[in-house]
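Just below is one structure, and these are the notes that go with it.
The values are calculated or read from the model by the stated rules, or taken from the named source; none is laboratory data. Note that the coordinates shown come from a computational prediction; the quantities given were computed from them, not determined experimentally. With ideal geometry, Cβ positions are generated from the backbone for all residues, glycine too; neighbour counts draw on all protein chains shown. Protein only, heavy atoms only, side chains kept; ligands, DNA and RNA dropped before computing areas. Shrake-Rupley method; radii C 1.70, N 1.55, O 1.52, S 1.80 Å.
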Amino acid sequence: MEILVTYVSVNQRGQPQRDQRRIAGSAFNIGRGSQCQIHLPDPRVALNHARILISETGAFIEAEPGRIQVNGRESEGARLTVGDRIDIGPFIIQVDATPPGRPLALTVVPPSPRSRSVKRLVPRVLQRMPDLSKRRLSYLAFGSMLLIFLFLPILPDLLQGKALPVPDSRRAMLSEVIPAVANGFTQTWNPGPLSRSHQVFGYDCHACHRFPFVRVLDLSCIACHKRIKEHVPMEELTGVRGIAFTDTRCADCHRDHKGSQLMPRTQEQCADCHHDVKDAAPKARSESVTDFVTDHPRFRLSLLDADHPRVIRRVRQANPPSAEMVERSNLKFNHALHLDPGGVRDPEGRRDPAGMRDEKGRRTVLRCADCHQPDADGRLMVSVSMERNCRQCHSLAFEPQVTNRQVPHGSEKEIVTMLREFYARLVLGDMPPDVNPPRDLPRVRPGALLSYKDRQRALRIADEKAQRVLRELFETREVCSTCHEVSRNDGGGWKVAPVRIAQVWMPQALFTHARHSAQACTTCHDVGKSKHAGDIAMPDIAKCRECHVGARAVLNKVTSDCATCHRFHAGRDFWLGTLQAQRQPRSAK
Amino acid sequence: MSQQQSILEYKNGRYLKLAIGLCALAIGAYLWYEPTTVYVKPNGGTWLGYTLGTIGAVLILWLMLLGVRKRRYRSRAGSLQGWTSAHVYIGTSLLVIVTLHCAFEFGWNVHTAAYVLMVLVIVSGFFGVYAYLRYPALMTANLHDAQVETIVLKIADLDRKCRRMALDLPDEVNEIVMKSSRASLREPRVRTSFRRRLAGDTVHCPTRDACAALTRIGAKFTGESASLNQQLLTAMTQKSVMIDQLRRDRRYRAILEIWLVAHVPLSFALLATLIAHVVSVFYFW
């Protein structure tokens, strides 16, 4: 069986054109799909939209509900009769009069061409985001961020030294306003809070960052820190690491914008060089070290030599101590005697006929602090002196039976002069009230008129007396030689050996007595059995390690890194001078 | 098979492994570096900091090149799917790399601004991945086989039909239909659509209102008017269904686009801030 289908179309001249086709079969699919026998190419038509079935009883159309209209009414299936009109999407299919021999004839009328408004409809509905252009937003975001975070912060530098192209009347105002505003934006570049001491610079980045795109130079630092010392003399740093070290900038260790502290305290930094110090400075006299508790060498003490005032001996502690570990102070002193738990003789008791007793019948027990007092900043001890510490007990009375006057301490010449004058006065008959007339000294009768010869004779007698007393002082009575080495000099006089007592034993250490005041003196300084002034009672490193450990914390111990006892900027010369010597030729290039 | 593979599973997660490796490397370097050199606490100014920062900056530039690559249809520099997969994973790894670069140092400055912008870009990207995994399937399910264009044309046809049918009905009905017809294809703009999505799709739709009104009014009609009204109601309901379909589709499309409206401009803001960050660090070195 064949049916006749007539497609109506409009040709290019706008005239209707008819195209007849014969299609064989008994069932005909109508749809958009190309396999359909009746092909209706339009998106509004489904792939398989409807179906026409031819049987002996007639022609039927069937479709899913809502898809077709037969004669203007929706239908799921209908018998087709001549004159019926079927609406399929935009197409109209008319049932024509059946020609002979054909069961069905159809005319397919296409939709009228889409009107302009419908043509515009689709793109209008499909148009996306008409008012949100990503491109425009991106330009906006990029530009504004660049303005806020790059251009405005850098504006004061760009305007530096340039005249603004504005009238003079406003220039002064603008030249103040622009930096003030722009500085606020420059602060967005600040990576972190300045250390407390540098907060004085405020917004002035160029105080330290002198040149753009150049790291902070030491010159910026020493502009203020003029008195800072170098670490060690630069010329000693001839090793590989040493040379690398000389290139270290201040800011390599002192990193600012990291909070309120600017001091690095990491002994790894020290150990970089000091784990093999000869590698940095081949002539270094110190030994290698990485940590206080593991490999710190024994201490070196700075010892003096009273007979050679320019010599400072650096002697390392050892067990047993080396022969050099002796203090050569030219003094005689017996700590054991002075610290006798039974006490020492009291000076007042010596005049007591009953014996060595004071008013309360006791000897005086001395404590360390009776002679050793801390200095003003609590770090070292004040030097022991005759006037302050010894004289209370050790009298310099030259003739106790005659007078309790004492000779001055310190100069042999002054003593000689004083005694000659004293005895001359007595011989010449002037007797002060605090003096008992010495029996072995002839005196001039008061009121006598003396000839020149008489005077000379009297003074000679006085000199002889003075010489006798001097000999007693220096030799027989052992007043001076109790503590001093006394010898006769060429001119027949006496000479007391010069005295030098060490006050700073460890000049490179930051030891402070005040910080250790919780401890008794004897914890570290064991002098109870010392009978000689040459004995040295400086504690050794093992004593320190009883309380102190290295940089790694240990329970009940004091954590101590290098900086606990040592200062970095402990060199001889100022950093400034070293810098000028080293860097000036470089910058002059 | 390969067409249904999501960008997350591209080549068995090749770029996921790459990103994890990158993060592990960065974390390892950070942990190894920190205890040996403790001049100050870790920061972006150490050599590891500079290294991580450089890697981060290069990656950001490369990630932004996806916008160029996806417009070069003829490019042979890897498949776009591969690029996108790498974009997602490498972009995520930046969270780790850049956080280690700044060593958890934050403040009110350009440096943290760049970091925050980067995080915003990445988070908006996460939403994009979520949207791309979820909404295309919903869109297909929503439209069945039809195309948007078809639905638009069908709505236009139905509109015409309804207007014709309404001609024979009272003015009241005619007015309702005209009102719906005027409004139905003025599809709400994206912003409305996005807001509606947040509001749970309760919208004042003239067509839906018209259906309700026709039902109410239709109860009064008898005879021919009643059946005509019934037909009109059927057509209007069909239109209403299609409009809803179209609206849902527009909504899904809007979601698929809206995140990019944040992602792309934010990434350009990030680029500008990154430039400022790098310049500022070395300007005041």
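Numbers at a glance
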read-out	value
All positions within the stretch B:231-269 that are open to solvent by less than 30 Å² (accessible area, probe 1.4 Å) and without any contact (Cβ under 8 Å) to a residue 12 or more places away in the chain	B:VAL261, B:PRO265
Filter result (of a type in the set (Phe, Trp, Tyr) and more than 20 Å from A:ASN404 (Cβ to Cβ)) within the stretch A:415-465	A:TYR452
Answer from A:ILE501, A:ILE541 - the residue that is modelled with pLDDT of 90 or more and either within 30 Å of A:ARG310 (Cα to Cα) or surrounded by 12 or more Cβ atoms within 10 Å (Cβ to Cβ) (or both)	A:ILE541
Candidate set: the stretch B:147-167, residues that are hydrophobic (A, V, I, L, M, F, W, C) and touching a residue at least 40 places away in the same chain (Cβ under 8 Å); chosen: the one nearest to A:GLY72 (Cα to Cα)	B:MET165
Count of residues meeting criterion [at pLDDT 80 or above, open to solvent by 70 Å² or more (accessible area, probe 1.4 Å) and closer than 17 Å to A:PRO90 by Cβ] in the stretch B:133-152	0
A:GLU62 being within 11 Å of chain B (Cβ to nearest Cβ), part of a strand (DSSP E or B) and out of contact with any Cys (no Cβ under 6 Å at 6 or more places or on another chain)	no
Test result for A:ASP272, among the charged types (D, E, K, R), surrounded by fewer than 18 Cβ atoms within 10 Å (Cβ to Cβ) and within 14 Å of chain B (Cβ to nearest Cβ)	yes
Residue in the stretch B:270-284 that is touching a Leu at 6+ places or on another chain (Cβ under 7 Å), within 12 Å of another protein chain (Cβ to nearest Cβ), at pLDDT below 85 and open to solvent by 20 Å² or more (accessible area, probe 1.4 Å) present	no
Selection count, the stretch A:513-536, where residues are more than 15 Å from A:GLU546 (Cα to Cα) and surrounded by fewer than 14 Cβ atoms within 10 Å (Cβ to Cβ)	7
Residue that is nearest to A:TRP494 (Cα to Cα), among those in the stretch A:418-436 that are part of a helix (DSSP H, G or I) and open to solvent by 70 Å² or more (accessible area, probe 1.4 Å)	A:ARG420
Residue check, A:GLU287 more than 30 Å from A:GLU546 (Cα to Cα) and open to solvent by 60 Å² or more (accessible area, probe 1.4 Å)	no
Flag if B:TYR15 is aromatic (Phe, Trp, Tyr), at pLDDT 80 or above and touching a Ser or Thr at 6+ places or on another chain (Cβ under 8 Å)	yes
Residue within the stretch A:229-247 that is more than 14 Å from chain B (Cβ to nearest Cβ), among the basic types (Lys, Arg) and within 30 Å of A:ALA553 (Cα to Cα) present	yes
Failed criterion for A:ALA518 (all others in (1) part of a loop (DSSP other than H, G, I, E, B); (2) over 30 Å from A:PHE292 (Cα atoms); (3) free of Cβ contacts under 8 Å to residues at least 12 places away in the same chain hold)	(2)
A:GLY66 without any contact (Cβ under 8 Å) to a residue 40 or more places away in the chain and open to solvent by 40 Å² or more (accessible area, probe 1.4 Å)	no
